[in-house]
Amino acid sequence: MSAAAAEGRIQQESFRTILRRTALLIGILMSGGHLFFPRLPMFGVILVIFLLYRDPAQLLRRELASIWWLLLAVLVMALIGGGGISAVPFANRYANFFAGMFLLGIYMLEPRKSIIDDLVIILRLMAIQAILTVIIAFIFPSYFGMLIYGDTAYRTIFLLFTYHDVLAVSSRIKRADGFFFEPGVYHIYLNIFLYIVLFLRKNVRDVALAVIGVVATQSTMGFAVTAFLLTAAYTRGVQTVHISAKLVVAMFVPLLILPVMWIGYNNYIDKTQGALRGSAWAREYDLYTGLRIIAEYPLTGIGFDLDRYAEAAQRFGYRGTQLDLNSAAERVSSNGVITLAFMVGLPLFFVFVIGLFRQRFFPNRFIFGTALLMCFLTEALMLTPFFLMIMFSGLLNAASPRLAIRGMRVAQGPRAARVPVAPAE
């Protein structure tokens, strides 16, 4: 290959990497809710990048047939359970579905290393962003300007470093919001970063960075997921490392786990018995109300229309809550697992969960799937593009010799076989 041809190839690969990472970042923003960019325009950007990056016919590969059947089934259940389709909720939801498909289409012909590398670049910066938000807010609070959105007053520096106070009397130690304007969403991506650097990269510096980033969000579920990941890594590490390294593992990981558990415990007490106990009441209401709706519509769900949920909450809302019942019935459920179940019905709910635990981007599927499922208990994000891409990957036809994702091991009988590399485009 001539020097000119090699240089052109490098430039092309660099451009494709930029496109791919841009699509991934937008998918992440759509999967957490950036307040200032509506979803449909962001969906349009992902669509354009997909068309530049990949032949659209790749989405018609045989391996994706089960995903298309799932989306058709979801449509049917929305028609039956929702009593029809409301245009705006339907358009927003299917924009998420197709954005997830486009992200899968971008990554399914790439080595698994590509998505890991891209996530590390993005999420490492998010961890630094979280830590700097807390530090700057503590040392230079006057640098933050006021931003009012809805009923919430945010403090921000150019939308890059952002936090908001829940109570009128706030703490000096702020909770980082990131680009999501919600610490409960922010910690999910920081814990994904922690998973990658614990189980794939095994980078001690990045592990510390990820843990401190989660602490900066002060999320109770964030602490729980971090403790779970550290404990899982500790258990696997003690079992697999050489005898000479067991002492190092046995001493280092508890130094991270114990402080996280202590901070998380105090955070939990504050949110269940202290000034922030209203958060626990809201979670409790969402759980029991959602379970009652599922009991009424177990097969079909109620569809995607939030007005339909508000109507069901008025009828089946949890009456034992300490929240004001009128305001409680108007809230949107924060429990993503329950939300998915009452939207699409239990049969399709289990299909999505199976996809989550069979996903093909990250090894140690049970650990990764459990961590995400824990996150979804407090954030309704399962039907957003980034997480749909992950779940859709678990619905690819593993039996096909043309399985798209390169370099993955998939279970075929009692043993795992390496999937053949997909043919070049």
Quick check: anything in region 317-327 β-branched (V, I, T) and at pLDDT below 95? yes
Could you please let me know if I121 is open to solvent by 40 Å² or more (accessible area, probe 1.4 Å), without any contact (Cβ under 8 Å) to a residue 40 or more places away in the chain and of a type in the set (A, V, I, L, M)? no
Taking F180 as the residue in question, decide whether it is open to solvent by 60 Å² or more (accessible area, probe 1.4 Å) and within 25 Å of the chain's Cα centre (by Cα). no
Given (1) more than 25 Å from the chain's Cα centre (by Cα); (2) open to solvent by 70 Å² or more (accessible area, probe 1.4 Å); (3) of a type outside the set (A, V, I, L, M, F, W, C), number of the condition G145 does not satisfy: (2)
Of the residues in region 94-109, how many are open to solvent by 10 Å² or more (accessible area, probe 1.4 Å) and touching a Gly at 6+ places or on another chain (Cβ under 9 Å)? 1
Check on F50, over 21 Å from V332 (Cα atoms), among the aromatic types (F, W, Y) and either part of a helix (DSSP H, G or I) or touching a residue at least 24 places away in the same chain (Cβ under 8 Å) (or both): yes
I'd like the residue in region 161-217 that is small (G, A, S) and farther than 17 Å from I136 by Cβ and, out of all such residues, is modelled with the highest pLDDT. A210
Across region 188-201, what is the number of residues that are over 13 Å from L229 (Cβ atoms) and surrounded by fewer than 24 Cβ atoms within 10 Å (Cβ to Cβ)? 1
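For every residue, the table says whether it meets (1) under 19 Å from M391 (Cα atoms); (2) surrounded by fewer than 19 Cβ atoms within 10 Å (Cβ to Cβ).
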| site | (1), (2) |
| --- | --- |
| I46 | yes, no |
| L52 | no, yes |
| D55 | no, yes |
| A78 | no, no |
Considering each residue of region 16-44, count those that are at pLDDT below 90, surrounded by fewer than 15 Cβ atoms within 10 Å (Cβ to Cβ) and either over 23 Å from the mean Cα position of the chain (by Cα) or assigned to a helix (DSSP H, G or I) (or both), and give that number. 2
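Conditions (1) modelled with pLDDT under 95; (2) among the small types (G, A, S); (3) farther than 23 Å from M221 by Cα; (4) buried (at least 24 other Cβ atoms within 10 Å of the Cβ), marked per residue:
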| residue | (1), (2), (3), (4) |
| --- | --- |
| A329 | yes, yes, yes, no |
| V332 | yes, no, no, no |
| V344 | yes, no, yes, yes |
| F357 | no, no, no, no |
| P363 | yes, no, no, no |
| I367 | no, no, no, no |
| T370 | no, no, no, no |
| L377 | yes, no, no, no |
| M391 | no, no, no, yes |
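The values are calculated or read from the model by the stated rules, or taken from the named source; none is laboratory data. These numbers were taken from a predicted model, which means no experiment stands behind them. Note that each Cβ is placed from the backbone with ideal geometry, even for glycine, and that neighbours are counted across all protein chains shown. SASA here: full protein model, heavy atoms, side chains in, ligands and nucleic acids out. Shrake-Rupley method; radii C 1.70, N 1.55, O 1.52, S 1.80 Å.
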